[in-house]
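One structure is given below, encoded as structure tokens.
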Amino acid sequence: MAKHIFYVFLVASSTLIMSVSEYELDEYLVGNFRMEVFSDNYPVTDTTDLVRTTGRNLRSLKDSELQKQLKTRLRQNPVWKRLIDQKRLSVGIVDMSDRSRTKYAAVNGRHMMYAASLPKIAVLAAAHDAIERGELAESAEVKKDMRLMIAKSNNAATTRMIDRVGFENIERTMTAPDLKLYDPAYGGGLWVGKRYAAGGRRYPDPMKGISHAATTEQICRYFYKLANGELVSADASRKMRGYLVDPELHHKFVSVLDRVAPNAKVYRKSGSWSTFHADVAMVQGPDRNYIMTALVDDAAGESIVRQLGAVLDDMLNGQAK
């Protein structure tokens with residue numbers, strides 16, 4: 001836990017942490033960092049017509065054949081097999097190619113792990129919940145920060161959003177009865193209990209004390225609800241898709257999708273710190289309609305996530321044909 005709590009002091013000064021994303025910080029540390037100027041022309045709504053599925057409890061849609069396929073494909077790789085057995089690799093997929101028969105599968109799906117920047121999606125949902133409750137003004141500054149938080153994974157923007165919403169209200173949204181995206185009965189899930197900055201109080205998750213946590217099952221549930229307009233509300237879901245679509249960081253899953261599905265719509269959030277790597281992509285487009293996510297704790301995690309992206313897309317693209 002100590003490395004989770006004090007990582008900002010280990011990698012850079014607090015000023016740098018407050019101004020760049022985790023990905024940009026990695027680039028800085030290897031000598032490739034360059035500050036970019038952000039445009040104000042960021043999307044705030046998504047008008048794409050999603051291929052929606054029947055809005056049901058995703059857990060009830062677990063498919064034994066897809067589960068078998070996923071387990072077999074993953075365990076064919078000896079490195080992945082070892083990480084799965086050590087509970088250092090978690091994978092979840094949702095096949096939405098048949099609108100009448102959504103299928104879900106996961107490996108270590110209820111094992112909660114440190115997920116770096118990926119749980120910023122919890123801040124996004126909590127912010128829209130607060131907006132609908134009349135607790136947060138949907139100002140130009142708030143909209144810009146939400147886009148920076150998601151598309152560029154900017155830590156300063158995320159910290160401003162956390163300060164506006166508050167840890168307790170993020171928990172309120174994640175544990176809401178109609179969402180339960182953090183639920184101890186199912187291994188926990190999405191949790192944000194620390195600012196993405198040096199200093200400030202901690203509000204760790206009650207199960208494992210993790211500051212930025214996720215399970216792949218809850219990530220899949222988040223995006224499945226998002227696809228069906230059931231995340232906070234239909235209007236909030238539409239707005240949140242607008243922040244998640246067309247990611248500006250082209251690494252991990254997106255580096256694969258740029259090659260194999262360049263015309264697909266991709267709704268995505270990723271995260272990296274130290275040996276922890278996380279990614280999720282909802283892919284809608286030619287011959288594709290699926291969600292894939294992975295959490296990895298390994299020094300080669302960036303490469304592993306890319307390789308997983310290729311394998312999972314091959315599996316799920318095949319399902320759609």
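The values are calculated or read from the model by the stated rules, or taken from the named source; none is laboratory data. Note that this is a predicted model, so its numbers are computed, not measured. No Cβ is skipped: glycine too gets one built from the backbone with ideal geometry, and neighbour counts run over all protein chains shown.
Taking first residues from region 120-135 that are under 17 Å from Leu148 (Cβ atoms) and partners that are assigned to a helix (DSSP H, G or I) and of a type in the set (S, T, N, Q), the Cβ contacts under 6 Å between residues at least 6 apart in sequence or on separate chains come to Lys120/Thr158; Ala125/Thr173; Ala126/Asn169; Ala126/Thr173.
Selection over region 123-166 of residues that are part of a loop (DSSP other than H, G, I, E, B) and either crowded, with 17+ Cβ neighbours inside 10 Å or touching a Cys at 6+ places or on another chain (Cβ under 9 Å) (or both) gives a count of 3.
Take the residues in region 229-269 that are at pLDDT 95 or above and of a type in the set (S, T, N, Q), then tell me which one is farthest from Asn155 (Cα to Cα). Per the stated criteria, the residue is Ser233. Of all residues in region 185-223 being basic (Lys, Arg) and not in a helix (DSSP H, G or I), which is surrounded by the fewest Cβ atoms within 10 Å (Cβ to Cβ)? Result: Arg201.
Only one of the numbered conditions (1) surrounded by fewer than 24 Cβ atoms within 10 Å (Cβ to Cβ); (2) within 24 Å of His111 (Cβ to Cβ) is violated by Pro262, and that is (2). Being buried (at least 19 other Cβ atoms within 10 Å of the Cβ), in contact (Cβ under 8 Å) with a residue 60 or more places away in the chain and not in a strand (DSSP E or B) holds for only one residue in Leu231, Leu226, Leu295, and it is Leu231.
For region 220-247, filtering for residues that are closer than 14 Å to Asp279 by Cα and touching a helix residue (DSSP H, G or I) at 6+ places or on another chain (Cβ under 8 Å) leaves 4.
When Ala122, Ala106, Ala116 are checked against the criterion of being under 22 Å from Asp205 (Cα atoms), touching a Leu at 6+ places or on another chain (Cβ under 9 Å) and not aromatic (Phe, Trp, Tyr), Ala122 stands alone in meeting it.
I'd like to check something: does region 136-148 contain any residue that is aliphatic (A, V, I, L, M) and under 19 Å from the mean Cα position of the chain (by Cα)? Yes, there is a match, as at least one residue in region 136-148 is aliphatic (A, V, I, L, M) and under 19 Å from the mean Cα position of the chain (by Cα).
A count restricted to region 54-65 and to residues that are part of a helix (DSSP H, G or I) and either touching a residue at least 40 places away in the same chain (Cβ under 8 Å) or under 20 Å from the mean Cα position of the chain (by Cα) (or both) stands at 3.
Of all the listed residues (Lys252, Lys194), the sole one being among the basic types (Lys, Arg) and within 14 Å of Val280 (Cα to Cα) is Lys252. Filtering region 75-90 to residues that are assigned to a helix (DSSP H, G or I), of a type outside the set (Phe, Trp, Tyr), touching a residue at least 60 places away in the same chain (Cβ under 8 Å) and surrounded by 17 or more Cβ atoms within 10 Å (Cβ to Cβ) leaves only Leu83. Checking the structure you have, find out if any residue of region 245-259 is of a type in the set (Lys, Arg), without any contact (Cβ under 8 Å) to a residue 40 or more places away in the chain and not in a helix (DSSP H, G or I). There is no residue in region 245-259 that is of a type in the set (Lys, Arg), without any contact (Cβ under 8 Å) to a residue 40 or more places away in the chain and not in a helix (DSSP H, G or I). Asn169 meets the conditions (1) touching a residue at least 40 places away in the same chain (Cβ under 8 Å); (2) under 18 Å from the mean Cα position of the chain (by Cα); (3) surrounded by fewer than 22 Cβ atoms within 10 Å (Cβ to Cβ) in every case but one. The failed one is (2).
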